[in-house]
Structure formats: C-alpha cells, structure tokens
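A short worksheet on the structure shown next.
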Ligand code: 5CA
C-alpha cells in the first residue's frame with residue numbers, strides 16, 4: 001500500500017480524552033475514531049490488526065475442534081425471559097422495541113441464543129459433544145466506558161459454548177478451551193495468566209480469567225511471585241487426549257482476581273504473593289445446567305433417559321486485545337507490533353520522493369516485495385525525513401527499509417528493526433531476499 005493513497009489520519013498531539021497509552025496511540029496512529037461514548041469506528045490500519053487478532057483466535061478455536069457459526073447481534077427478549085436473566089441483567093443491556101412493539105435487545109452475550117439453536121437440533125447423546133463459537137459484536141451499556149477499546153460499549157468478542165452429556169465431558173471441553181486460550185495469547189506474544197475468577201452474571205462455579213499484567217489494567221489481581229518468571233507458551237496438544245495434567249500444571253501456582261482472593265484463606269505467604277493490575281483478555285466458565293434446564297435443552301441418554309446438557313461458555317475480548325497488545329508493546333515513539341498481529345510486515349521509506357533515482361529504486365523494491373507476497377506500507381509521500389521516521393515509528397511496523405540518495409549511491413538500503421532499534425546497511429537484493437523469504 002502506498003502511504004500517499006492510504007487513509008491514515010495521524011494525529012501529532014496527544015488527544016486529551018485518552019488516559020492510557022494504548023488509547024492515545026490508537027487515536028494518534030489513525031487506527032480508530034470515536035463515534036459516541038465507548039463506540040468506535042475502525043479505520044484501515046486498525047481494522048487490519050483487528051482482523052489479524054481475530055484470525056489467530058479463529059485458527060486456535062478451529063484447531064481445538066470448535067466450529068464457527070454466526071449468531072445475530074439483535075436477540076428476542078423472550079429467550080432471556082425463559083432463562084430468567086432478562087430482569088437480572090439490568091441496565092447494562094440495551095433494550096429495543098421493533099415496529100410491532102416486540103421487545104428485542106442488542107446481545108451482551110449469547111448463552112440463550114445458542115442454547116435455543118442446540119435444543120432444537122440435538123436430540124441424542126450420540127450427537128455430543130459439540131462446541132460452537134462465533135466472533136460477533138456485543139453491546140454492554142457500561143456505566144463508565146473508558147480507555148478506548150479496552151472498555152467499550154460496543155466491542156468484538158469471540159464467544160463459544162460447549163455442550164456435553166455429563167460433568168466429566170464438560171470438564172474436558174473446559175480444559176480444551178483453557179489450553180486453546182494459552183496457545184492463542186502466546187501466538188500474539190502475550191503472557192496471559194489464568195486466574196481463578198468470580199462468575200458474575202454468566203453464572204456457574206468454575207471460572208478463570210486470563211489476565212495480562214499491566215499497570216493500566218482495570219482488574220486487581222493476586223498471584224504467586226513465580227508467575228512472573230513463568231513462560232506461558234503452550235506446545236501443540238492432542239485435544240482428544242487427557243488434558244487434565246496440562247490444566248493442573250497451569251493452575252498449580254496461585255493466581256486469583258480480587259473478587260475471589262481472600263487474604264485470610266490465601267494458600268501462600270504474603271512475601272510470595274504479588275499484588276498487581278491486570279487486563280482481562282478472556283474468561284472461561286463452566287456452569288453445568290444453568291441454561292439447559294430452564295430452556296429445556298435435553299437429549300436422550302444411553303438408556304433412553306432425558307438428560308439436561310452440561311454447558312460452559314468461553315469469551316475472548318478480540319477488540320480489547322488490540323489495546324492490550326499496545327499496552328504490552330510500545331515505547332516513547334509509538335507502537336511496536338509483534339509480527340503475528342502487525343498490520344503490515346514492513347515499512348518502506350523513500351527519503352527523497354522528488355529524486356528520480358530514489359523513486360525508481362523504491363518503486364522497484366516495492367513492486368518486488370509485493371510480488372513476493374510481503375505486506376508493505378510504502379511511504380512515497382513528499383514529506384520531510386523527520387516526519388516520515390516519526391510516522392513509521394508511531395505505527396510500529398516490525399521492520400523498516402529506508403532508501404535515500406547516499407545509501408543508494410553505495411547500492412545499499414538501511415534496515416531498521418522497530419523493536420531493537422538496530423540498523424544495518426544491506427545490498428538492496430539482500431534486503432529483498434531477507435523479507436521475501438518470510
Ligand atoms: N458469555 C461469556 C463467555 S462467552 C462472557 O460474556 N464472558 S465475559 O463477560 O467475561 O466477556 C468475555 C471477554 O470479553 C472478557 O474477558 C473481555 O476480554 C471482553 N469484554 C467484556 N466486556 C468488555 C468491554 N466492555 N469492552 C471490551 N471488551 C470486553
């Protein structure tokens with residue numbers, strides 16, 4: 001993409017409405033714009049990152065055996081009356097009336113809708129287990145939307161729902177998601193610590209929040225000091241095998257959110273305990289038959305008896321992750337994208353757009369990189385070198401290639417790594433070969 005043609009409305013000054021670094025940088029880097037409180041438009045650069053995050057989430061869901069569907073954003077109130085949650089959910093739910101005065105709502109979560117789908121479609125224990133997910137916008141009329149996409153009112157969530165015949169099956173489904181979550185966040189270069197958590201309005205008695213430690217996090221969390229040195233990378237797993245040992249391994253060290261942490265009952269001494277802030281990027285719930293009983297989601301068991309489905313639900317804050325990624329990856333100059341979620345792999349800067357030789361060399365390299373399938377953002381604008389460097393650092397692409405008259409005369413190009421700041425002069429062909437090879 002040529003920057004001269006790209007819609008990238010950068011902002012030089014720090015926007016006064018943004019209190020945390022990710023919100024500031026998302027606005028400054030032209031990724032999002034606020035439409036109304038807690039509701040954002042995603043501009044081209046931001047949308048590219050959102051899609052990459054979404055794709056990693058999707059791939060790890062698919063790998064675990066979950067199947068993608070797409071449920072609507074607008075739901076009938078009726079279903080929520082059946083589950084008993086319509087009145088309980090309170091003011092966070094955006095309630096709407098259609099032209100026939102039917103009560104509708106903008107879905108804050110989808111337990112009811114998915115249970116309705118499954119109850120009409122699954123009749124026998126032989127059809128189990130099933131795990132269905134979707135990646136869809138949610139609306140929660142938060143009292144205090146803040147920090148940009150971190151606590152929005154409209155936000156993108158991946159949510160899935162598992163259906164099993166019995167508690168043992170349901171725990172296996174829970175473990176699958178638990179492992180899939182570790183893998184998902186690790187692929188984004190994030191260290192997300194699974195913490196015992198309260199279940200809130202979703203219900204149930206087994207729940208974990210996946211928390212990224214960050215000073216700007218909204219959750220107060222407590223964990224064993226050893227978590228700080230623990231690498232949360234989870235290797236590839238056999239999802240059909242016994243996952244309980246892995247689950248135990250990842251829950252052996254103490255970690256809990258403040259709703260559940262009780263200093264009196266904490267199993268580890270105060271000097272081994274870390275008190276910190278966290279960004280909740282995902283949560284898993286096992287709630288048994290909380291929805292299947294009131295909604296009548298039952299199957300015929302092996303002896304013909306009627307069995308209510310054992311369920312769990314599992315959420316990942318896809319849009320929140322974009323903010324969390326920036327909180328974990330930035331410096332004074334701007335964002336530093338991990339390669340796995342970067343909006344473009346490379347930035348190509350032509351320092352002298354007016355110079356014919358520079359333009360020819362930069363155009364040629366751009367065409368070759370594109371031909372090799374490399375995603376490049378090419379700064380071909382007629383701007384000062386300083387403005388170009390600042391823009392490229394702000395948007396944080398993993399590597400930059402810089403062409404100027406001096407290096408060109410020597411047949412070389414400057415390569416700069418955004419994270420390390422390391423610079424290297426390479427022959428142009430060598431630079432091409434390095435990035436074209438992936
Ligand atoms: N039905 C369950 C699991 S599918 C559920 O709704 N869980 S949740 O309430 O924990 O939400 C899942 C994830 O969505 C959270 O872990 C968080 O990362 C994200 N999320 C929740 N509320 C917001 C919000 N207001 N803005 C941005 N992300 C949010």
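Laboratory data are not the source of any read-out in this text; all were calculated from the coordinates shown. Quantities reported herein were computed from a predicted structural model and do not represent experimental measurements. All Cβ positions, even for glycine, are placed from backbone atoms using ideal geometry, and neighbour counts span all protein chains on display.
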>> Suppose the chain between residue 216 and residue 231 were pulled fully straight at 0.36 nm per residue; how much longer would it get relative to their current alpha carbon spacing?
In response: 3.2 nm
>> Going 7 Å from the Cα of residue 96 along its beta-carbon direction, which residues of the range 143-169 have the amide nitrogen within less than 17 Å of the resulting point?
In response: 153-157
>> Counting other beta carbons within 10 Å of each residue's own, what order do 223, 266 fall into, fewest first?
In response: 266, 223
>> Mean-square fluctuation check for the chain, GNM, Cα pairs under 10 Å: which of 395, 69, 349 is largest?
In response: 69
>> Can you compute the FRET efficiency between residue 265 and residue 88 using 1/(1 + (r/R0)^6), with r the Cβ-Cβ distance and R0 = 25 Å? Round to the nearest 0.05.
In response: 0.35
> Order of 247, 163 from fewest to most other C-beta atoms within 10 Å?
Replying inline: 247, 163
> With each pseudo-label sitting 7 Å past Cα toward Cβ, what's the residue 33-residue 81 distance in nm, one decimal?
Replying inline: 4.2 nm
>> Using 0.36 nm times the number of residues separating residue 123 and residue 305, minus their current alpha carbon distance, what extension gain do you get?
In response: 64.4 nm
> So what's the angle, to the nearest 10 degrees on a 0 to 90 scale, between helix 385-395 and the longest Cα principal axis of the chain?
Replying inline: 10 degrees
> Dividing the Cα radius of gyration by the Kirkwood radius, what Rg/Rh value follows for the chain?
Replying inline: 1.03
> Cα convex hull of the range 277-366: mean projected area in nm², to one decimal?
Replying inline: 12.3 nm²
> How much length, in nm to one decimal, is gained on full extension between residue 417 and residue 249, taken as 0.36 nm per residue of separation minus their Cα-Cα distance?
Replying inline: 56.9 nm
> Binning every alpha carbon pair distance of the range 1-88 at 10 Å from zero, what are the percents per bin?
Replying inline: 13, 28, 26, 26, 7, 1
> Top mean-square fluctuation among 281, 143, 376, Gaussian network model of the chain, C-alpha springs under 10 Å?
Replying inline: 143
> For the residues 104, 177, 392, what sequence is obtained by ranking on other C-beta atoms within 10 Å, fewest first?
Replying inline: 104, 392, 177
> Helix 318-328 versus the longest principal axis of the chain: what is the Cα-based angle in degrees, 0 to 90, to the nearest 10?
Replying inline: 50 degrees
